[in-house]
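S.K.: Handing you a structure now.
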Amino acid sequence: MQEIVPIHRNTFGMSFQWKKDIANNVYNKFQLIFRDTGFYLSLEEIEQFSKEVQDAKGRGDCACANSNCTNTRTILLRTPSFMVDLAVSTEELDLIEELIDGTLFQIKLDKYIDGLCSN
């Protein structure tokens, strides 16, 4: 964990920046990890991912008619990596949403504070 700067964490995953990126002045890339998958994304790609989560939530869980299957992976979630889509459950989708929202909040808060401190 000494090689990273944590941004946000929940029970499903975490987001962080690599210290080597920061040392090389690469401030626009962030790592999101959940399940067994890691995404190395820009702020714009994380925002797009957030929109894809909202779209997936809007489509609902068509293959699962009863409430007993919240752990069934019946929702197709598009990712910012155009060749990768994920099959997720409603529970996982909620946790991914929280991870992305928390990550976006913290990144934007840090940028705001940095802007105040540099003036």
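Any read-out appearing in this document is the output of simple, stated calculations on the displayed coordinates, not a laboratory observation. Since we're looking at a predicted model, the values are computed, not measured. Note that each Cβ is placed from the backbone with ideal geometry, even for glycine, and that neighbours are counted across all protein chains shown.
S.K.: For segment 4-118: lysine pairs with Cα atoms under 23 Å, gap of 8 or more or different chains, count?
M.R.: Taking the Cα cut-off of 23 Å, the pair count is 11.
S.K.: To the nearest 10 degrees, how steeply does helix 43-59 sit against the main Cα axis of the chain, on a 0 to 90 scale?
M.R.: Once rounded, one gets 20 degrees.
S.K.: May I pose another question? Counting pairwise Cα distances across the chain, what percent come out greater than 23 angstrom?
M.R.: Result: 34 percent of Cα pairs exceed 23 Å.
S.K.: Another question, then. Can you list the residues, at least 5 places off or on another chain, whose amide H is less than 5 Å from the amide H of Thr79, using H built in the peptide plane?
M.R.: When sequence neighbours closer than 5 places are left aside, the close amide H contacts are Val84, Leu86.
S.K.: What net charge do the residues around Asp101 carry, taking every other residue with its C-beta under 14 Å from that of Asp101, with Lys and Arg at +1 and Asp and Glu at -1?
M.R.: -1
S.K.: Moving on. Starting from the Cα-Cα distance between Thr37 and Val5, subtract it from 0.36 nm times their residue separation and give me the gain in nm to one decimal.
M.R.: The span from Thr37 to Val5 would gain 9.7 nm if fully extended.
S.K.: Another one. Any idea what angle helix 90-118 forms with the longest principal axis of the chain, computed on alpha-carbon atoms, 0 to 90 degrees, nearest 10?
M.R.: 20
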